[in-house]
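The values are calculated or read from the model by the stated rules, or taken from the named source; none is laboratory data. Please read these numbers as outputs of a predicted model, since none were measured by experiment. No Cβ is skipped: glycine too gets one built from the backbone with ideal geometry, and neighbour counts run over all protein chains shown. We work out accessible area using only protein heavy atoms, side chains counted, and drop any ligands, DNA or RNA first. Shrake-Rupley method; radii C 1.70, N 1.55, O 1.52, S 1.80 Å.
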Amino acid sequence: MAAPSPEPQTSAPLPEPQEPAERVYAENGDLVLVLQDGVRLRVSATVLSLVSPVFKAMLGPNFLEGQAPRTAENPKEIQLPDDSADAMILLARFTHGAASGRAFENPMLPSFPTRLLELGVVADKYDCIAAVTMAAEALMLRHAAQITFESSATISKHIIDGSAKFAAAAFLLRMDKLFAFFTRRLVLDAVHSFGEIFEMQVQGLVPPSVILGLEEERTAVREHLLATVAFSACGKCLNNYCFNRGKGATYPTELARLLSLPRWPPPWSAHRIRSVLQKLYGCESLALCNEYPCGHFNPSELGALELQQICHKVSERAEGLCLTCARQDNLQSKCEHYNELEAFPMNDPFIQA
């Protein structure tokens with residue numbers, strides 16, 4: 001009798017790692033940071049003073065924390081109950097050169113976007129952004145590389161929320177390319193109001209101009225898609241060299257049928273720009289039956305190559321936001337800083353190979 005076939009294995013969410021209550025980042029550390037939930041971090045006052053002007057002042061002679069004696073044998077405890085324990089753990093690791101490949105820093109954990117956003121908050125608070133940016137950027141790049149290969153079916157609410165948190169973290173940590181990357185993803189993948197998304201996920205950590213800039217760019221990309229399709233579908237009359245441009249009266253119905261949409265233009269409250277581009281990119285052809293002012297009637301079609309070119313043009317219009325302009329509260333549709341970003345672009349194809 002044949003052995004029964006094994007049950008199919010399903011992938012479970014990554015478990016969150018458990019860490020000890022006290023962590024040592026400097027063997028001879030003379031300082032213990034006491035954080036939320038009783039988490040304790042053994043660190044070096046010298047290292048913190050070197051990377052953070054705020055800690056340097058706090059541990060100097062003008063503050064109570066700096067006046068008390070501290071040694072490796074008798075470290076000084078400093079209470080920081082308002083700071084996120086997870087964020088301070090990352091800050092201690094990055095500033096003390098601790099190993100960065102542990103499970104706690106796995107960028108695909110569901111909690112990682114929140115941890116990195118909180119890191120941005122404490123790094124900004126203690127003015128030590130330069131000391132943590134390189135390590136934080138490496139982890140964000142790992143996450144970006146992973147989600148680039150997610151299929152359209154797997155882009156869910158937690159990915160959108162994570163992109164909003166990463167965009168806010170990139171804003172706080174001054175990461176211009178990652179800020180453009182994640183704001184572009186939000187433009188292509190989010191359907192809800194950006195005000196609602198950012199209010200729920202980042203609680204006012206980015207200025208209103210960023211939210212307004214995202215809304216404006218998403219609207220511009222949607223309008224560019226509709227205009228590009230309409231221009232291409234309303235071809236020129238080829239009858240006896242009569243080059244009048246047609247009305248394209250029938251293509252919306254045919255396009256809605258091809259893309260399995262209720263209508264064209266799509267109801268944007270339920271359809272992401274990226275998913276519409278992916279469907280359009282996969283079409284073999286779009287049949288056209290245009291009527292022309294000259295009275296001629298020319299059935300024709302847009303081929304696969306033409307439809308793919310439309311998709312590429314629209315995708316290129318979604319550039320993401322410029323961090324420099326966002327921090328100056330002066331967002332523009334196109335600015336001089338984009339030349340620098342385009343020199344080292346990050347890969348975010350709208351269609352996966």
- Fully extended, how many nm does the chain gain between THR250 and SER193 (0.36 nm per residue separation, minus their Cα-Cα distance)? 17.3 nm
- With labels modelled as points extended 7 Å from the Cα through the Cβ direction, what inter-label distance (nm, one decimal) is found for GLN203 paired with MET108? 3.0
- Give the carbon-plus-sulfur fraction of the accessible surface of the stretch 39-137 in %, rounded to a whole number; probe 1.4 Å, heavy atoms of protein chains only. 55
- Task: Would you please state which residues of the stretch 256-277 a label at LEU226 would reach in this model, taking the label point 7 Å out along Cα→Cβ and a backbone N cut-off of under 11 Å?
- Result: 264-268
- Message: Given a 1.4 Å probe and heavy atoms of the protein chains only, how would you sort MET58, MET200, largest accessible area at the top?
- Response: MET200, MET58
- Amide proton proximity set for LEU31, modelled H, under 5 Å, gap of 5+: VAL43, ALA45, LYS76
- Message: So, taking all protein chains as they sit and a 1.4 Å probe, how much accessible area belongs to TYR25, in Å² rounded to tens?
- Response: 30
- Query: Quick one: ranking MET140, MET108 by accessible area, 1.4 Å probe, largest first, what do you get?
  - Reply: MET108, MET140
- Note, ³J(HN,Hα) from phi for the stretch 223-234, Karplus 6.51, -1.76, 1.60, rounded to Hz, x at Gly and Pro: 5, 5, 4, 5, 5, 5, 5, 5, 5, 6, 6, 8
- Message: My understanding is that a pair violates if its Cα-Cα distance is over 25 Å; which of LYS157/LYS313; LYS125/LYS177; LYS56/LYS165; LYS76/LYS165; LYS165/LYS313 do that in this structure?
- Response: LYS157/LYS313; LYS56/LYS165; LYS76/LYS165; LYS165/LYS313
- Message: Keeping all protein chains in the complex and leaving out DNA, RNA and ligands, what accessible area do you get for LEU91 with a 1.4 Å probe, in Å² to the nearest 10?
- Response: 0
- Roughly how many Å² of LYS313 are accessible to a 1.4 Å probe, to the nearest 10? 120
